[in-house]
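Some notes on the structure that comes next.
The values are calculated or read from the model by the stated rules, or taken from the named source; none is laboratory data. Model, not experiment: these values are computed from the prediction. Reconstructed Cβ throughout: ideal geometry from the backbone, glycine too, with neighbour counts over all protein chains shown. These accessible areas exclude ligands, DNA and RNA; they are computed on the full protein's heavy atoms, side chains included. Shrake-Rupley method; radii C 1.70, N 1.55, O 1.52, S 1.80 Å.
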Amino acid sequence: RKNFKKGLGTGHTEKRTAAAIQRRRQQRAGRINSKRLKVDESDGDGAGGGDGGAGATVDLDRLHAAVELLQAAAASPAELIAAAKELRRSLSLDDEVRPTDAVLAMGIVPVLVDVLAGAPHEELRLEAAWCVTNIASGSDDHARAVLPAAPHLVAMLDPATPVLAEQAAWALSNIAGDSLEFRTLLTNNGAVEPLVAVLGCRVPQVVAVAAWCVSNMLKGKEMSALPWLHAGILEPLVRHVVSATSPDVVCECCWILSYLSAREVEAVPAILESGVLAALVPIMAEGAPEAARACIRVCGNLLAVDASTTDAVLGERGLLPTLVAQLGEDRERYVVHEVLWVLSNVASGTPEQAGALVDAGALPPVLRHLAESPFHIQKEAAFVVFNLAVQEEGALFLNMIMANPVLSYFVKFMRAADLALVDHALRFIELVLRRFPRGAETVEVAGGIEALDDLYDSCANRAMAEHAHALVDEFFGEDYHADETEEEAAAAAAPPPPDAFGRGGGRGRGRGAVLPAWMTRGDGAGGGGGGGGAGGGGFGVVPGHAAAGGNGAPSLPPAADAAGSGVADST
């Protein structure tokens with residue numbers, strides 16, 4: 001991204017851009033950490049005196065005494081609960097002063113496991129689970145240290161005791177969120193069905209935490225959706241989304257649906273038959289941006305499967321116009337980015353599906369983002385435009401696109417540092433050369449000859465460089481303009497009038513993200529390409545339907561390798 005901006009002459013923004021990215025990462029990490037750590041601000045001072053901030057201090061002697069008291073067989077229930085609270089308060093302090101390593105060194109984990117396994121008092125078990133939650137919110141070693149507590153936490157996932165179930169789900173979510181190893185361990189040891197049962201709870205706060213735990217359990221393309229489907233997860237998910245249980249619950253449930261839709265293809269019919277798509281449309285239109293983003297992700301994943309699934313999704317009333325509306329100038333950039341990815345999946349489908357996108361009025365906002373938005377959004381808009389242009393409907397879509405001043409942007413993209421974008425810009429130029437009337441003259445006026453020469457001279461990918469050189473030799477050789485005056489060439493290169501073609505529209509491809517299982521099989525059922533393929537002589541679509549089941553637009557042989565993925569997983 002930095003190199004691309006430098007190539008466009010705006011290198012002065014590099015430091016500012018890097019600083020902004022770093023701030024966003026820090027803010028996101030802070031939000032995640034604050035979600036993982038549970039703090040009860042109503043408590044008074046304990047071993048961690050002060051307000052819990054960086055200036056707080058920890059009395060290790062008091063903590064050691066609390067641990068010994070928890071181990072004492074003769075202690076009363078009140079004394080045990082007080083000791084557990086003392087320990088929990090210290091584990092709720094800020095990272096800088098939280099004594100997690102010291103508490104672990106005192107041998108607290110076996111003590112907490114014993115409390116979780118056999119304590120008769122619900123409040124004591126709650127405090128023990130709370131301690132485990134905050135220990136697991138730390139490093140990988142901290143999460144690993146409390147793994148012996150996991151079976152007892154799973155046993156606490158009972159909707160009949162919602163307070164305990166909520167705390168157990170919170171602790172398990174911290175453990176699951178740490179690594180694939182821990183997610184696999186929890187899945188294989190019976191956490192799925194109890195979590196689905198807690199999702200059926202009638203207490204919104206408990207459901208929100210349980211749904212967050214399920215989201216963490218499903219992260220990573222290696223995690224299967226099938227155990228969750230077999231456990232009946234769709235019924236409570238759909239119920240909460242349709243009934244709008246609470247904003248937090250709806251958001252978490254939509255993210256779960258996004259993970260399920262990115263896994264095995266067997267999950268797709270079940271999601272479609274559940275009727276949840278109808279509930280996603282108003283959330284995309286009116287819901288909070290994060291919930292809307294999750295709904296958009298679900299739609300994009302389903303649209304990346306095959307032609308029949310795409311037809312079913314596009315048949316949902318109001319869905320496509322609602323998606324297009326999310327490209328408005330008032331929408332958050334990450335929502336726009338996500339929508340462009342979804343629309344690119346549609347654009348890479350059948351001519352009828354691409355036509356539906358055009359009829360929904362997508363082209364004007366897509367082209368606006370191509371011209372005005374930051375690079376990462378421009379890139380996605382470019383993939384939308386390319387996928388439309390490559391459709392072989394008598395060059396109808398290409399002509400509509402070329403009625404707008406878009407060629408200059410693809411010429412600039414050939415000087416980008418992003419090889420996937422360079423590859424598709426190069427293929428778009430070839431598309432214009434081969435299919436657009438007087439394409440060579442049009443490319444010349446846009447500065448395309450110089451860009452092709454520069455690509456040949458400087459591109460690190462020699463296949464793309466040779467491709468550019470071959471296009472120059474083929475279309476701009478010695479016979480170019482041999483019998484044409486300069487006036488005739490300029491007139492031929494002029495774009496057609498804006499209303500020369502009947503309908504307008506547009507779409508984008510969005511992020512190349514985690515491949516679901518059906519796109520990585522070697523049996524012909526899928527097979528999306530990796531990022532940044534080399535240039536070739538064909539016009540294969542940016543992967544969407546084509547990657548997921550052969551529903552892409554026809555391409556001119558030989559087709560180039562696809563760049564990226566049509567299905568998105570976690571952020």
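In the stretch 417-440, the qualifying residues are those that are among the acidic types (Asp, Glu) and open to solvent by less than 10 Å² (accessible area, probe 1.4 Å), and the one that is nearest to residue 382 (Cα to Cα) is 423. Checking each residue in the stretch 205-223 for being open to solvent by 40 Å² or more (accessible area, probe 1.4 Å) and either over 15 Å from residue 254 (Cα atoms) or hydrophobic (A, V, I, L, M, F, W, C) (or both) picks out 205, 221, 222.
Which of the residues spanning the stretch 309-346 are over 13 Å from residue 280 (Cβ atoms), in a loop (DSSP other than H, G, I, E, B) and among the acidic types (Asp, Glu)? Matches in the stretch 309-346: 329, 330, 332.
Under the condition of being open to solvent by 10 Å² or more (accessible area, probe 1.4 Å) and at pLDDT 95 or above, which residue from the stretch 195-204 is farthest from residue 260 (Cα to Cα)? The extreme case among them is 197. Across the stretch 371-401, the qualifying residues are those that are of a type in the set (S, T, N, Q) and either under 20 Å from the mean Cα position of the chain (by Cα) or open to solvent by less than 20 Å² (accessible area, probe 1.4 Å) (or both), and the one among them that is nearest to residue 424 (Cα to Cα) is 387.
Taking (1) in a helix (DSSP H, G or I); (2) of a type in the set (Asp, Glu); (3) farther than 26 Å from residue 333 by Cβ; (4) touching a residue at least 24 places away in the same chain (Cβ under 8 Å) in turn, residue 380 satisfies each apart from (3).
Restricting attention to the stretch 234-260, the residues that are within 22 Å of residue 303 (Cβ to Cβ) and either without any contact (Cβ under 8 Å) to a residue 60 or more places away in the chain or among the β-branched types (Val, Ile, Thr) (or both) add up to 13. Count of the stretch 234-269 residues, restricted to those that are hydroxyl-bearing (Ser, Thr, Tyr) and open to solvent by less than 20 Å² (accessible area, probe 1.4 Å), is 3.
Of the helices (runs of 4 or more DSSP H) entirely within the stretch 403-469, those holding at least 3 residues that are among the acidic types (Asp, Glu) occupy 448-458. Answer yes or no: is there a residue in the stretch 188-204 that is of a type in the set (Lys, Arg) and either over 26 Å from residue 266 (Cα atoms) or in contact with a strand residue (DSSP E or B) (Cβ under 9 Å, 6 or more places away or on another chain) (or both). For the stretch 188-204, residues of a type in the set (Lys, Arg) and either over 26 Å from residue 266 (Cα atoms) or in contact with a strand residue (DSSP E or B) (Cβ under 9 Å, 6 or more places away or on another chain) (or both): present.
Just one of (1) open to solvent by 10 Å² or more (accessible area, probe 1.4 Å); (2) within 23 Å of residue 365 (Cβ to Cβ); (3) out of contact with any Lys or Arg (no Cβ under 8 Å at 6 or more places or on another chain); (4) of a type outside the set (Gly, Ala, Ser) fails for residue 295. It is (1). Of the residues making up the stretch 347-375, those that are outside any helix (DSSP H, G or I) and within 22 Å of residue 412 (Cβ to Cβ) are 373, 374. Since residue 365 meets every condition but one in (1) modelled with pLDDT of 95 or more; (2) open to solvent by less than 10 Å² (accessible area, probe 1.4 Å), which condition does it not meet? Here residue 365 meets the rest and fails (2).
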